[in-house]
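J.: Before I ask anything, let me first share the structure, which is written out below as structure tokens.
The numbers here are math on the coordinates, done by the rules we state, and not lab data. Keep in mind that this is a model prediction, so the values were computed, not measured. When we count neighbours, we look across all protein chains shown, and the Cβ atoms used for this are built from the backbone with ideal geometry, even at glycine.
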Amino acid sequence: MRRGERYRASWVVIVLCALGQAASAHGGLSIEKDVCKLRLGPYAMHFTGYQPEVTGAREFCEDIPRTGQTIVALDAVDEALRDLPIEVRIIRDTGDESDLEAVTVLHLPAKIYASGTVSFDHRFEQEGRFVGLVSAGATGEFPARFPFSVGAGRGRWAPWLWALAIVLGGVVLYRFSDRRRPESQS
């Protein structure tokens, strides 16, 4: 294999590895590896979000890609959650939670969801940082807190930009490697 072909093959492997990492960043088949899992003490809920106006049926479970209509479903993984009251609150992340009412953008009072699914529809009007507060139990003894941002969808290009930079870097190295090759004598 010629030197140039080795460089080209090396860069193809590097690019494929980088793209493979970007593709496997979310989800998983087992609940233990589920990045969409929310822990409420000994219990777990699965978080799924949708933005039909923006992304159609594509779901997300971390940051909300853009402002706009957002549908969220919290599904009880543990059957015991079906018998406990669950409260949901979304607040603006101001760093000061001393007055929850002042920073609350959505509040679902505690109630029992016998189906095991808590769902809500909310229109996020502004980009920014938010915190989801979910609690289960008569006195909210099983709380969960998850920070997220709205409008982070622009960051989804980052893996592709890195892949493009790697490919371009490989092309440059390949082109210059041919020029530095000493001439062979026959």
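J.: Show me the trypsin sites (Lys or Arg not before Pro) within region 38-87 that DSSP assigns to loop and that have at most 13 other Cβ atoms within 10 Å of their Cβ.
T.: 58
J.: Determine the distance separating the Cα centre of region 59-105 from the Cα centre of region 112-139; give it in Å without decimals.
T.: Cα centres, region 59-105 to region 112-139: 3 Å.
J.: Where in region 130-154 is the amide nitrogen less than 15 Å from a point lying 7 Å along the Cα-to-Cβ axis of residue 66?
T.: What the label zone holds, given the 15 Å backbone N cut-off, is 150-154.
J.: Something else about it: Which whole-Hz couplings ³J(HN,Hα) result when phi for each residue of region 115-123 is put into the Karplus expression 6.51 cos²θ - 1.76 cosθ + 1.60, θ = phi - 60°, listed in order with x for Gly and Pro?
T.: Computed from phi, the couplings for region 115-123 are 6, x, 10, 9, 10, 8, 10, 9, 9 Hz.
J.: Set the Förster distance to 35 Å, then compute FRET efficiency between residue 149 and residue 114 from the Cβ-Cβ distance, nearest 0.05.
T.: So the FRET efficiency works out to roughly 0.60.
J.: For q = 0.17, 0.18, 0.22 Å⁻¹, what log10 I(q)/I(0) does region 28-153 give under the Debye formula with an equal point scatterer on each alpha carbon and no solvent?
T.: Each listed q corresponds, in turn, to -0.89, -1.00, -1.41.
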